[in-house]
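All remarks here apply to the structure that follows.
The values are calculated or read from the model by the stated rules, or taken from the named source; none is laboratory data. This structure is a prediction, so every number in the text was calculated from the model and none was measured. Reconstructed Cβ throughout: ideal geometry from the backbone, glycine too, with neighbour counts over all protein chains shown. Quick note on the areas: whole protein, heavy atoms, side chains included, nothing else; ligands and nucleic acids left out. Shrake-Rupley method; radii C 1.70, N 1.55, O 1.52, S 1.80 Å.
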Amino acid sequence: MSDGMSLAKRNLVTIDDLSTGEIESVFSLADEMSAGMGQQSNLCKGKIMASLFFEPSTRTRLSFEAAMYRLGGNVITAVDIGATSLAKGESLADMARIVGSYADIIVIRHPWEGAAKVVADYAGVPVINAGDGGHQHPTQTLLDLYTIRKERQTIKGLKIALWGDLKYGRTIHSLIFALAKFGASILFCPSPGLEVPEHIIRKLVAEYGGDVEVIKASENKPKTDAFPVDAVYITSSSPHQLAMMPGINFEVELKKGVDAIYVTRPQKERFTAAEGGENKKYQVVDKHLLKGKEFSKTLVMHPLPRIDELACDLDADPRSQYFKQAAHGVPVRMAILALLLGAKNVPVSRDDSPAPKIEYPVYRRDSGVKCPNTKCASIQKSELKYLHPEFKIVNHEPLTLRCVYCEHGFEPEYIASSEWHEGKLSNKKYHAAGSHWARDIKPENLIIFASAAEAEAQGFKPNHYMEGHPK
Amino acid sequence: MSDGMSLAKRNLVTIDDLSTGEIESVFSLADEMSAGMGQQSNLCKGKIMASLFFEPSTRTRLSFEAAMYRLGGNVITAVDIGATSLAKGESLADMARIVGSYADIIVIRHPWEGAAKVVADYAGVPVINAGDGGHQHPTQTLLDLYTIRKERQTIKGLKIALWGDLKYGRTIHSLIFALAKFGASILFCPSPGLEVPEHIIRKLVAEYGGDVEVIKASENKPKTDAFPVDAVYITSSSPHQLAMMPGINFEVELKKGVDAIYVTRPQKERFTAAEGGENKKYQVVDKHLLKGKEFSKTLVMHPLPRIDELACDLDADPRSQYFKQAAHGVPVRMAILALLLGAKNVPVSRDDSPAPKIEYPVYRRDSGVKCPNTKCASIQKSELKYLHPEFKIVNHEPLTLRCVYCEHGFEPEYIASSEWHEGKLSNKKYHAAGSHWARDIKPENLIIFASAAEAEAQGFKPNHYMEGHPK
Amino acid sequence: MSDGMSLAKRNLVTIDDLSTGEIESVFSLADEMSAGMGQQSNLCKGKIMASLFFEPSTRTRLSFEAAMYRLGGNVITAVDIGATSLAKGESLADMARIVGSYADIIVIRHPWEGAAKVVADYAGVPVINAGDGGHQHPTQTLLDLYTIRKERQTIKGLKIALWGDLKYGRTIHSLIFALAKFGASILFCPSPGLEVPEHIIRKLVAEYGGDVEVIKASENKPKTDAFPVDAVYITSSSPHQLAMMPGINFEVELKKGVDAIYVTRPQKERFTAAEGGENKKYQVVDKHLLKGKEFSKTLVMHPLPRIDELACDLDADPRSQYFKQAAHGVPVRMAILALLLGAKNVPVSRDDSPAPKIEYPVYRRDSGVKCPNTKCASIQKSELKYLHPEFKIVNHEPLTLRCVYCEHGFEPEYIASSEWHEGKLSNKKYHAAGSHWARDIKPENLIIFASAAEAEAQGFKPNHYMEGHPK
């Protein structure tokens, strides 16, 4: 093993688990892997990767497995959701502990958001998130960034348009934070109703700096606008652009074109009935849309699979990167596998800027508020037996929690103190989260409820100041 | 290859296929495998294991596959029940012959009891039973024993409680015989209605010696009894305990605690409607149940997956062995694979006591009685084309047969002689199995019928002494 | 690498992709592979085979995978149809390009006829067809031929009976052309209603020479005829037999017996309602059928799996080859994998006779006729986005097209010229395919329609000479 940074035994659950410097190192190693693709590597000889896919996938799974074999390792695979113990009601933690005793590294895809974190918490071996519901898909983001950097030599200062389903596309969620971290500006071009979730925008501004300008629906964007931009994120590392904020001129931005347009498939399988399902129409990205001079060098990207949102007439176009993206998946995943397995260390690049993580206070209590995201791993029946809800308090006014599993943000309505007045049960009261009482409760005594009903179920009575407050 | 015992080309269909000495040798080799887990072994380089799973499984399959890869071998896998030729009506024998021409060893899990024996009979390569219906699961038993021996240095003389579903749990069935063979005493603690099948008790007493004391349901066990023991098996190798029999004092036994409690999941997928299915309640094993001083050193075991029958509050308890059991699966299976593939020989340990097999007479006829177990491989449509029913006559009064495939025991009702009186068709008679006629028929002439209807369908008439005998 | 013929980077989509000399070379290499089966080969070390099975299969997939492992390579597998991106509507071309960037060679089974050609067109790596609907299964044919040659030393001049489902059995379709190419005569013995498709007979005569004599249904074959022969193909390489044609004496042919009888399973899953499905009866091949002296040396073959069409009473018969066939699959597939991967070259055998391909003119237009075969890959919704119908014009009177994907032949009804008279729209006319107009249209101007409706939908009017022509 060479000197340098070791990522051995680390997990890759969200893209935040890697600093920009570490990502750059992954890319250098991916270059090396790419160059040596012809000859068999023995870097991971004797190592076993467990490939656990609880959601349909061919490309991601085969890409990981090809990567592991190219490193000289072996793979054990479970793709048969219905045919697994989970179908019998087994918990993620049990599965993680057991498979962690068979394999040296685990790759997991799961429909529950936060599932990869649960597995990482219990496996005892490194865990890579290959997609957990609509949450994140960090290795997809790595190969997306790798593709951009290979074509443009840098990511900093680029302008990237994200197109299509920005609500459910987990690849989008990982990518947004990564682009921000690397100092790219982002144009959000969602299909109507599939805008980036509010909690992601909030995290972007709070933790990555920069600013987001949202076009209000009432602004009546010109119908001729080829790019239905509805929001723009300008990184704080672009000071002269930042100066334009607020009141960013979308027209000016667009006339300069974009460095890349990243198209995504409508994740119809995650749509609610209201979101339209199979019959909804999406604007197609094709040669015609990108015919303008300002798009002459725009990279056309897509995580694939595509259905109709990206036309085949672009397949032979030199701007199209999507098949290259897929191909880059193998060397990028080889690099990350070799690093997490400790088979390879890499020199840390100079301009490392660690993930901009803020140390938020943590709220963790067995009783009380649960994550309201119905797809969150932490609230599933099989997991409730052992998992304790846990949240970061990311804001105080209004009180805002972020689930540590699925990272959904929400504002709970009621709180109480575990030290009630004079210890009399009749004084066991709950308060509106925004009331002055809330500010007086010591953090260590704070109890948070998802609803008034939950508070009352635990024996708390409404504070008299809450009379008239809608339950 | 070293000198010593060779298990090459042997099958592992039931735990009886290995003597205690051979099992001890497997354990020694497993210790060796465990110690060398870090470096890649080349013991089975160039060998292929076929992993054929016709029932849901993740852990057992992945454990076998990890074991084969750690030995340097390769694996071909079929887990897709509906997607296999069997769905097209192919026989087990055909499948066995064909896969046996691709692979060097076959691991099979199948819902039909006796399926592994059929595969072993035709494959031409060693076959390992990874669970055949409710019949056996011998490698699970090996890792269970290995875990006990690692913690207690011996199995002989220990007192082991088996808890939960003792009727359908195949791991239980393999384990009972193994524990008896090694001289452990067994406390049966079944969930109501899920007692150990009668034919297993019978085999235990007949072939392993010792004695089984069953508490009659009418005895009104004290409600406070934490352990709802309904039967106790005392091995014949524990003479002073045996002396206590019959009239064993359950209370005394329990006050001394147990060396291990082996909990099993209710096999709801095998339940009949009467057995309650999803809604039935089972007593949970948790910290509270095991709080007594007498359980302070009790090993808590479970083959996993668990649902609710074993509480998570024991996970971090030093008595808990279940995750260790799972982890031991890899070195134990490495050992057994290396031995059956002939990649490794082991010195035979001194105190070998071969499996206590009794040479029972065999009954084998194309026409006549069939195994009454509806899950037996031998009576399935695709197998009837070539398989001949075959039974061991394990008792004469009453006449009791044991199917050589699924090992179910039963008492057929009617018999006849293939030499009927004076060769006259009118003398072709059948008799009650318990009648004096039965004793007079020479073994080579014996014909056994499952029912009177079957006898009559073959042209036999009831013996006149049977008048009034209920058909 | 040795000198000699290189098959590197070639595809194996139909058996026509290999000349007889190349096939002989595959067999020599298979002999070599067979001899060295004991020791691990490193011929394909570091190579990855992708095994993509979109239809149920155990034997073919496991055989390929075992072959690749025996060569020292690795395998990535997708068997989970419902669980793949194709279920999301992804095209074969996208899948091919992506998997082609992960793996060094692709093995594909797919229910659509012509799917393997589509994958081969886009993958960028060698592609092996492991069965595409009812079209072809060339590696099965290779192992069938290999088995015959091993038993009879030659294929030329042998008389082979094909038995059972000759309509849907893709193994049969590949085999027919291969036998013809090698100079064997073929007796067709179909189950009633499951005769060899007309387009295959036509191709056989047109491209492989020789002659086919069909017994008309009205001829009232003797009921006692054990072999319900309905057609005979006599290769042109058997001149003295050819002299007998036409008016071949079926009785005489049959009295001499056959060198091999190749039995196939009724492909019930492909049957139309009219073809009877599950309840139809098929004549069983068993010891009784083959009891005659003339069959004393007849090889009994079957691609397996079998259900009831081939009796188990032949399993131990020395004439039976079917388990040997399956076993030969591994060395034959090792040979083909090593050759296509360029890991091995082979000397070209002397008596090479390249595939008898006729250079037919090609018809290719975006609008106009589509393949009428509902199972053809080229007309599936996901493929229409980028695939252009393409046909060989294999006959002019009547105008007959052969789809380049599924190889189905058909006679389109209407044509037109892209240069209509004086450029006036009112002169845009379509004509019956058999009319004199058809002969006058220059090939480069030819437009072909599947139906009158299609022609009219494109603005063409019926030619006045077509009055009274049924639409």
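What the table shows:
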{"item": "Inter-copy label distances at residue C:440 (7 Å, Cα→Cβ; nm, one decimal)", "result": "10.3, 10.3"}
{"item": "Approximate shape of segment C:143-220 as ellipsoid semi-axes (Cα gyration tensor, √5λ), whole Å, largest first", "result": "21, 14, 12"}
{"item": "Out-of-range pairs (alpha-carbon distance over 24 Å; input B:268/B:385; C:9/C:167; B:159/B:291; A:287/C:442)", "result": "B:268/B:385; C:9/C:167; A:287/C:442"}
{"item": "Sequence of A:428, C:256 when ordered by accessible area, the most exposed leading, probe 1.4 angstrom", "result": "C:256, A:428"}
{"item": "Shielding by partners - mean other protein chain Cβ count within 10 Å, residues of B:99-110", "result": "3"}
{"item": "Check: segment A:11-149 dipole with +1 on Lys, Arg Cβ and -1 on Asp, Glu Cβ, in debye", "result": "420 debye"}
{"item": "Cα→Cβ-extended label distance, 7 Å offset, between residue C:439 and residue C:8, nm", "result": "5.2 nm"}
{"item": "Linear extension gain, residue B:463 paired with residue B:411, 0.36 nm per residue minus alpha-carbon span", "result": "16.8 nm"}
{"item": "Descending Cα extents along the principal axes, segment C:85-188, whole Å", "result": "47, 27, 17"}
{"item": "In order through segment B:14-25: 3J(HN,Hα) via Karplus (6.51 cos²θ - 1.76 cosθ + 1.60), integer Hz, x for Gly, Pro", "result": "10, 5, 5, 6, 10, 6, 4, x, 5, 5, 4, 5"}
{"item": "Other copies of residue B:287: label-to-label distances in nm, shortest first, labels 7 Å along the beta-carbon direction", "result": "6.9, 6.9"}
{"item": "Computed over segment A:27-168: relative contact order in percent, which uses C-alpha pairs under 8 Å that are six or more apart", "result": "19 percent"}
{"item": "Order of exposure, largest accessible area first, which applies to B:28, B:174 with probe 1.4 Å", "result": "B:28, B:174"}
{"item": "Efficiency of FRET from Cβ geometry, residue C:287 and residue C:150, R₀ 25 Å, rounded to 0.05", "result": "0.60"}
{"item": "Shielding of A:181-193 by partner chains, average beta-carbon count, 10 Å", "result": "0"}
{"item": "Fully extended contour minus Cα-Cα distance, from residue A:215 to residue A:273, at 0.36 nm per residue", "result": "18.3 nm"}
{"item": "Given C:47/C:344; B:117/B:375; B:424/B:461; A:156/A:181; A:117/A:344; B:47/C:324, the pairs whose alpha carbons are separated by over 18 Å", "result": "A:117/A:344; B:47/C:324"}
{"item": "Packing-based order for C:403-415, C:193-205, B:334-346, using average beta carbon neighbours within 10 Å, highest first", "result": "B:334-346, C:403-415, C:193-205"}
{"item": "Summed buried accessible area for B+C [probe radius 1.4 Å, Å², rounded to 100]", "result": "2500 Å²"}
{"item": "Percentage relative contact order, segment C:113-200, counting C-alpha pairs under 8 Å, at least six apart", "result": "27 percent"}
{"item": "Amide hydrogen neighbours beyond the local backbone of residue C:107, cut-off 5 Å, H modeled", "result": "C:50, C:51, C:52, C:128"}
{"item": "Cα centroid separation, segment A:130-157 to segment C:162-218 (Å)", "result": "54 Å"}
{"item": "5 angstrom amide H check on residue B:10, placed H, neighbours 5+ away", "result": "none"}
{"item": "Alpha-carbon centroid distance for the pair segment A:4-32 / segment A:359-433, whole angstrom", "result": "33 Å"}
{"item": "Computed accessible area, residue B:32, all protein chains, 1.4 angstrom probe, square angstrom", "result": "100 Å²"}
{"item": "Per-residue average of Cβ from other chains inside 10 Å of A:327-333", "result": "2"}
